[in-house]
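Here is the structure we will look at.
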Amino acid sequence: SVNEGDALKVVIVGGGPAGLLAATLIKRCFSNACVTLFEQNAADATFGFGVVFSDQALDFLQRDEPQTVELIAPHLMRWSDITVVHRGIPVVIDGVGFCSIERLALLRLLQKRAEASGVTLRYDTRIDELPAADLIIGADGFNSRVRAENPDAYGATLSHFENRFAWYGVDRNFDTLTQTFIDTPVGPMNAHHYSYAPGKSTFIIETSDATWRSSGLADLPEPALLQRLSGYFAAQLGGAMLQPNHSVWRQFPQLWCERWHNKNCVLVGDALHTAHFSIGSGTRLAMEDVIALVAALRDNGGRVEAALPAFQAVRQPALASIIAAANRSAQWYQQFGQHMSLEPWPFALAYIQRAGRLSADKLQAIAPAFSAGLSQRGLAPDYVAE
């Protein structure tokens with residue numbers, strides 16, 4: 001805890017995991033700080049279903065913020081494999097560990113801890129004007145109110161990937177994080193699905209924009225759309241029906257800000273950058289942003305004018321590498337229909353190497369059983385690490 005010059009007045013906009021973590025860490029580091037968090041939705045409102053972390057991401061959190069890992073660990077579902085299903089044939093890629101937690105459960109844990117830390121949480125409160133404060137943190141997502149105040153100041157650029165996707169839920173378990181690719185009467189579709197609580201799973205469906213437009217799916221009312229999609233994925237759903245939660249079919253945005261701060265305002269998470277969901281959790285990246293931001297504040301004695309440039313200087317290079325990998329992964333998904341011409345094992349190999357971060361040696365070390373299966377079929381990774 002910093003004991004001198006620590007009477008910071010901090011306003012956090014956005015009550016998601018990153019905003020709540022920022023509030024708690026600032027109070028921990030600056031015990032006399034006045035921290036107020038504003039969230040436009042109710043405390044128990046949530047969009048989506050589960051939050052997923054890779055084992056690597058959890059290791060990073062364990063190193064930098066072990067208290068948070070200790071808080072959420074009892075509530076995590078874990079698995080050590082990915083299953084890629086193509087032409088109805090499952091190919092298991094071992095050693096790629098993930099864990100997941102219900103998003104609302106994660107929020108409640110972080111809310112309770114923030115309140116216990118002395119943070120003022122103000123829900124159902126939409127900010128029309130940014131309040132006076134020493135530091136304003138925009139943790140308010142892609143449609144950030146803080147960034148919108150002066151988007152040019154952040155050098156924000158925005159484009160969209162072409163594929164269409166939507167998040168659904170389903171009341172059933174899956175043994176692993178699974179990628180299912182199917183041909184439907186209207187065109188190829190993919191589902192990313194994984195359990196986040198007993199009997200509860202996230203089920204993200206993706207297809208090309210051309211398929212979405214030509215199939216008539218875009219014109220169906222939601223009940224008929226759910227019926228149709230549940231029919232396409234009946235084998236995976238086991239008779240269960242997809243459940244919506246603000247499940248809007250959209251194109252994934254590519255947001256990047258060249259400048260991360262403006263005067264006393266700073267952005268984190270999806271307010272600052274987006275990373276395609278096919279490579280990792282936006283929640284994880286936002287939490288890592290927050291940890292780096294608070295470290296910069298601590299290292300600079302709470303001097304905001306010095307801390308914000310230091311935060312960007314330290315965090316941006318590592319983040320840029322992750323975003324580049326996410327973009328390569330997303331580009332692979334843009335052509336997943338063409339990739340489906342491959343047989344299941346070559347297809348699974350193309351899938352696991354899509355982000356360009358796995359050398360043959362690294363794949364062998366991580367996934368020995370999958371690598372042995374490749375060798376038995378005369379297949380070998382051809383990617384050389386950059």
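Overview of values
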{"quantity": "Overall Cα dimensions of segment 76-116, principal axis frame, Å, largest first", "calculated": "50, 19, 9"}
{"quantity": "Gly141 long-range amide H proximity, modeled H, under 5 Å", "calculated": "Asp270, Ala271"}
{"quantity": "Evaluated at q = 0.20 Å⁻¹: base-10 log I(q)/I(0), Debye formula over Cα of segment 28-153", "calculated": "-1.29"}
{"quantity": "3J(HN,Hα) from dihedral phi, segment 284-290, Karplus parametrisation 6.51/-1.76/1.60, rounded to Hz, x for glycine, proline", "calculated": "4, 5, 5, 5, 5, 4, 4"}
{"quantity": "D_trans [Stokes-Einstein, Kirkwood Rh over alpha-carbon pairs] for segment 159-227, 37 °C, 0.692 mPa s, µm² s⁻¹", "calculated": "251"}
{"quantity": "Point-to-point label distance, Asn32-Ile89, nm (Cα→Cβ direction, 7 Å offset)", "calculated": "6.9"}
{"quantity": "3J(HN,Hα) from dihedral phi, segment 299-309, Karplus parametrisation 6.51/-1.76/1.60, rounded to Hz, x for glycine, proline", "calculated": "5, 10, x, x, 7, 4, 5, 8, 5, 5, x"}
{"quantity": "Under-23-angstrom lysine pairs by C-alpha in the chain, whenever the two are 8 or more apart or on separate chains", "calculated": "5"}
{"quantity": "Placed amide H near Phe174: partners under 5 Å, 5+ positions off or other chain", "calculated": "Ser195"}
{"quantity": "Segment Ala360-Asn41, extension gain: residue separation times 0.36 nm, minus the distance between their alpha carbons", "calculated": "110.2 nm"}
{"quantity": "Karplus-derived 3J(HN,Hα), 6.51/-1.76/1.60, for each residue of segment 87-102, Hz, glycine and proline x", "calculated": "6, x, 9, x, 10, 8, 10, 7, x, 9, x, 9, 9, 8, 8, 4"}
{"quantity": "Percent of C-alpha pairs per 10 Å bin, segment 217-279, short to long", "calculated": "17, 30, 24, 18, 10, 1"}
{"quantity": "Length gained when the stretch Thr125-Arg259 is fully extended (0.36 nm per residue, less Cα-Cα span)", "calculated": "45.5 nm"}
{"quantity": "Mean separation of Cα contacts under 8 Å (6+ apart) over length of the chain, as relative contact order %", "calculated": "20"}
{"quantity": "Length gained when the stretch Arg250-Glu343 is fully extended (0.36 nm per residue, less Cα-Cα span)", "calculated": "30.5 nm"}
{"quantity": "Accessible heavy-atom area order of Cys34, Cys99, highest first, probe of 1.4 Å", "calculated": "Cys34, Cys99"}
{"quantity": "For Ala156, distant residues with modelled amide H under 5 Å away", "calculated": "Glu258"}
{"quantity": "Acute angle (nearest 10 degrees) that the helix 55-64 long axis makes with the longest principal axis of the chain, alpha-carbon atoms", "calculated": "10"}
{"quantity": "Label-point gap, in nm, between Arg377 and Ala132 - each point 7 angstrom along Cα→Cβ", "calculated": "6.6"}
{"quantity": "In nm, spacing of pseudo-spin labels at Gln62 and Gln335 (7 Å Cα→C-beta vector)", "calculated": "3.7"}
{"quantity": "Alpha carbon convex hull of segment 281-386, projected area averaged over orientations, nm²", "calculated": "8.6"}
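The values are calculated or read from the model by the stated rules, or taken from the named source; none is laboratory data. Model, not experiment: these values are computed from the prediction. Cβ sites come from the backbone with ideal geometry, for glycine too, and all protein chains shown count toward neighbours. The accessibility values were calculated without ligands, DNA or RNA, using every heavy atom of the protein model including side chains. Shrake-Rupley method; radii C 1.70, N 1.55, O 1.52, S 1.80 Å.
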